[in-house]
1. List pairs: first residue in region 33-57 and at positive phi and without any contact (Cβ under 8 Å) to a residue 12 or more places away in the chain, second residue surrounded by 16 or more Cβ atoms within 10 Å (Cβ to Cβ) and in a helix (DSSP H, G or I) anywhere in the structure, Cβ distance under 8 angstrom, at least six positions apart or on different chains.
2. Need at least 1 residues that are surrounded by 13 or more Cβ atoms within 10 Å (Cβ to Cβ), modelled with pLDDT of 80 or more and in contact with a strand residue (DSSP E or B) (Cβ under 8 Å, 6 or more places away or on another chain) per element, so show me which helices (runs of 4 or more DSSP H) inside region 8-123 make the cut, counting only ones lying wholly within it.
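The values are calculated or read from the model by the stated rules, or taken from the named source; none is laboratory data. Just so it is clear, the structure is predicted and the values come from calculations on it, not from any experiment. Ideal geometry is used to build each Cβ from the backbone, glycine not excepted, and the neighbour counts take in all protein chains shown.
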């Protein structure tokens, strides 16, 4: 528990300070390989086909603000109901590819820019 807490706090501090997150940097990943593994390794089953997540199955991963190290730690030693994915199941290089693909996805539009929602009182 202590290791998780330290890792989580480190990850949150990097998220709060983009300059630190940039310095930490993720390893270079292959976006196309990441897209392939996201599907073949089953990530989509809980996090959706494009990483948008769902309330009952798993959080949004597309454009995650988690630094790579925190993302990797969550994958290896999950803090919730997610099964752990050890390095013998998904290598660090493959995780870097998946992370690169998730970071390459377009950002979600601002709800205020969607006509369907603006008519529903979204302000």
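1. 53/46; 53/47
2. In region 8-123, the matching helices (runs of 4 or more DSSP H) lie at 44-47.
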